[in-house]
Structure formats: structure tokens, C-alpha cells
Amino acid sequence: MARTLAGVRLEMRPRDVIAVLGDPPRRDVAAGSGLPMWIYGPIGLEWGAQGNDAPLYSILVVPPFAGRTAEGLGLGDDRDAVRRLYGAYQIITQSASSMLVIDDVGTSILAHLDTGGRITDIELFAGDPRR
């Protein structure tokens, strides 16, 4: 599974992300983890630790993001697209509203779905977000 989304790669360092996306328009703290988060409109980047050189832990995309994962998954796709594109990996259906895919090296994709079964956001993680 590819480790890139929205032009950045998991485990990049802050200076490398700034070189690609520029300075973040908004800095915040991620709900739940309390870790630093940079927000570029529909793209959220969560850092793996506090500090100036922490690795990029997750990449979140929400509407109106129009891009796709390297495998081709995009916002608005359905759960069948997840199965078709990621069927070679372990797919865990957590609930009617989310699907989690984990590859053999620990990269994960979490897709949330609306009541019609369409993807509303995609988050790419370095590791298993359940741990």
C-alpha cells in the first residue's frame, strides 16, 4: 500500500512537508490523541509526537478534497471500491460507518462512510490506529 496522499508521505519531517505544501495555514491539536495537527483546508496532517522533528503519523482528507489514494480510492466512493482496490490486504469492517485496511508492513487506511455507504473521509496512518 502506498504511503503517500495529498502530495505528502507518511513519516516525512515537518521541514519536508513545508517544502511541499508551504507553511500550514492553521495549526491545532488532534482530537483524541492531543498530538500536533497541521491543517491545509481539506487536508489534515497529524504528527507522531510533540517537537520540531516529529514524523508525520497520519494524513486525513475531507471534502472538498478531489484527489485519490495511489491505489485510486477517493471521497464519494463506496465500500465496494475499498474491497476492490484493497482486497489483497487485511480489510476490517469496524462498523457500518467505517472500514479499516492494514497492509503487511503496518500502513493503514481508515475510511468513514455515510448512511448511504459513501466515503466521507480517508485517513492514512503509519501503523495500526487501533493500538
Notebook entry, point to check: Which residues, counting only those in the range 4-44, are free of Cβ contacts under 8 Å to residues at least 40 places away in the same chain and among the hydroxyl-bearing types (Ser, Thr, Tyr)?
Noted result: Ser33, Tyr40
Notebook entry, point to check: If you go through the range 29-41 one residue at a time, how many are over 21 Å from Leu75 (Cβ atoms) and either modelled with pLDDT of 95 or more or surrounded by fewer than 15 Cβ atoms within 10 Å (Cβ to Cβ) (or both)?
Noted result: 4
Next item on the list: Could you tell me whether any residue of the range 7-19 is over 22 Å from Ser108 (Cα atoms) and either part of a loop (DSSP other than H, G, I, E, B) or touching a strand residue (DSSP E or B) at 6+ places or on another chain (Cβ under 7 Å) (or both)?
Entry: no
Note to self: If I ask for residues that are part of a strand (DSSP E or B) and in contact (Cβ under 8 Å) with a residue 40 or more places away in the chain, which ones from the range 45-66 would you list?
What the structure shows: Leu56, Tyr57, Ser58, Ile59, Leu60, Val61
Checklist line | From Arg118, Arg68, Arg84, residue being more than 17 Å from Leu5 (Cα to Cα) and in contact with a strand residue (DSSP E or B) (Cβ under 7 Å, 6 or more places away or on another chain) | finding: Arg118
Check: Got at least one residue in the range 81-88 being over 15 Å from Glu123 (Cβ atoms), not aliphatic (A, V, I, L, M) and not in a loop (DSSP other than H, G, I, E, B)?
Finding: yes
Next item on the list: Would you please name the residue that is modelled with the lowest pLDDT, looking only at residues in the range 42-78 that are surrounded by 16 or more Cβ atoms within 10 Å (Cβ to Cβ) and acidic (Asp, Glu)?
Entry: Glu46
Next item on the list: Could you tell me which numbered condition Ala81 fails, if it satisfies all but one of (1) without any contact (Cβ under 8 Å) to a residue 24 or more places away in the chain; (2) small (Gly, Ala, Ser); (3) surrounded by 13 or more Cβ atoms within 10 Å (Cβ to Cβ)?
Entry: (1)
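The values are calculated or read from the model by the stated rules, or taken from the named source; none is laboratory data. For clarity, every value in this text was computed on a predicted model and none was experimentally measured. Cβ: placed from backbone, ideal geometry, glycine included. Neighbour counts: every protein chain shown.
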